[in-house]
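One structure is given here, and the rest of the page talks about it.
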Amino acid sequence: MSRTIRGLLVAGLLAAAAPSAGAAELAARVDNESEPVLCAEKDNVSLTFTNPQVRHFRIRAVHPAYLGMLDTDRWAADWTSCDMSGDPVHVAEPRRVTFYETPDLWLVGYTYPSFWRPNDVPVRVGDRVEHGLHLIQVWVRHRERAEEVLVLYPPDGYWRARPIPPGDTRWTAYGSSFLVGPVKNEGRPIVALKEVVFDPATRTFTLAFADGGEGKVRLAALDDEHIVLDVSFSGDMPRDRPFAALRSMYVMETNADTARVAWRTPGARGWGEAPVMTFPGAEALELWTGRVMPSRHNTSAPDMIFGNFSDMPLLPDRRDAPPREATSAPLAQ
């Protein structure tokens, strides 16, 4: 690996979280179930996280180390070599609805003309309940403009996150997806949800899992470097399943939403590194996945970091305090 590429990877790793003080670190078993494909619009990268003791962990999305070098961003879909004709289709009446709104935070829901799973998960904010949504967007006000920073697909439990665009950058792409909760395979990995509840005061999503147990995903910090999500579980979740998964796409190094993996294991003096398609799996205290060279697919999409696995509640990381300009209402700790 060239010194330039290694330097970019190290820069990405420096954005990773240190363990929260007072919380015992646990290792999660990370299994690589990725498969090679030619279609850039198929999530063929699959990394699952398993440890029945884990009840709390943290997810970060951070800008790629090369973001400041970009002259051109690309985010258009690439349907080359793609055949989606065999995918299930569930037809619905399309609509768009804003179902929670303040000057600093609002939620927008979409129902698409069709989706691969039924859209029967109720979404509640206060006394208002929406049915039939395929997508929930979380928007915030930043520097007097609207920024979409987090999305959830209730029918299959997929999430995407992105930080505030830095400086004068108007927009950055979404990239890798992730799952939170008991993961199972129904043609592709999913988390089956029974209900989604959002609490604006704490910026927390509460997820009732169809297969048992409950999860909370809290927007803990947000700025133009990263977005931080604190995840906690309660109740009787299935203990033999992964509690989280990363889903992404890789066709080749220059056509990928994630291309490399780095991980930290108990007692290790340094990070392990591998291309995502040959990553052997690991017992990881922390895992980073992203890119060290620009891709033609979702070029500005963030790197993803999973860590702070614990059976105890997480304490706020001192680096997670949001800047005043991120929103006029402070993010609750």
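At a Förster distance of 30 Å, what's the computed FRET efficiency of residue 82 paired with residue 124, Cβ-Cβ distance as r, to 0.05?
0.25
Mind checking segment 85-153 for GluC sites (Glu not before Pro) that DSSP puts in a loop (not H, G, I, E or B) and that have at most 13 other Cβ atoms within 10 Å?
Counting only loop positions with at most 13 other Cβ atoms within 10 Å, the GluC sites (Glu not before Pro) in segment 85-153 are 144.
Suppose the chain between residue 312 and residue 269 were pulled fully straight at 0.36 nm per residue; how much longer would it get relative to their current alpha carbon spacing?
This chain segment gains 13.0 nm when fully extended.
List the lysines whose alpha-carbon lies under 27 Å from that of residue 42, not counting same-chain residues fewer than 8 positions away?
184, 194
What length, rounded to one decimal in nm, is gained on full extension from residue 283 through to residue 144, with 0.36 nm per residue of separation minus their alpha-carbon distance?
45.7 nm
What nm distance separates the two modelled labels at residue 131 and residue 24, each placed 7 Å from Cα along Cα→Cβ?
So the label points at residue 131 and residue 24 sit 4.6 nm apart.
Are there chymotrypsin sites (Phe, Trp or Tyr not before Pro) in segment 157-199 that DSSP marks as loop and that have at most 16 other Cβ atoms within 10 Å, and which are they?
Taking segment 157-199 and a limit of 16 other Cβ atoms within 10 Å, the loop chymotrypsin sites (Phe, Trp or Tyr not before Pro) found are 171.
Pop the C-beta distance of residue 293 and residue 225 into the FRET formula with R0 = 22 Å and round what comes out to the nearest 0.05.
The value I calculate is 0.60.
Evaluated at 4 °C with a viscosity of 1.567 mPa s, what Stokes-Einstein diffusion coefficient in µm²/s does segment 141-213 have when Rh comes from the Kirkwood expression over alpha-carbon pairs?
This corresponds to a translational diffusion coefficient of 92 µm²/s.
Starting from segment 255-302, pick out the trypsin sites (Lys or Arg not before Pro) whose DSSP state is loop and whose Cβ has at most 16 other Cβ atoms within 10 Å.
269, 296
Can you run phi through the Karplus equation (6.51, -1.76, 1.60; θ = phi - 60°) for segment 217-229 and list ³J(HN,Hα) in whole Hz, with x for Gly and Pro?
After applying 6.51 cos²θ - 1.76 cosθ + 1.60, I find 10, 10, 6, 8, 7, 7, 7, 8, 10, 7, 10, 10, 10 Hz.
Can you sort 273, 35, 283 so the residue with the fewest Cβ neighbours within 10 Å comes first?
35, 283, 273
Please check which bits of segment 207-221 a label hung off residue 104 would reach, taking the label as a point 7 Å along Cα-to-C-beta and the cut-off as backbone N under 19 Å.
The answer is 218-221.
All of the numbers you see were taken from the coordinates with simple rules; none came from a lab. Predicted, not measured: the structure shown is a model, and the values here were computed from it. Because the Cβ atoms are built from the backbone with ideal geometry, glycine has one as well, and the counts that use them run over all protein chains shown.
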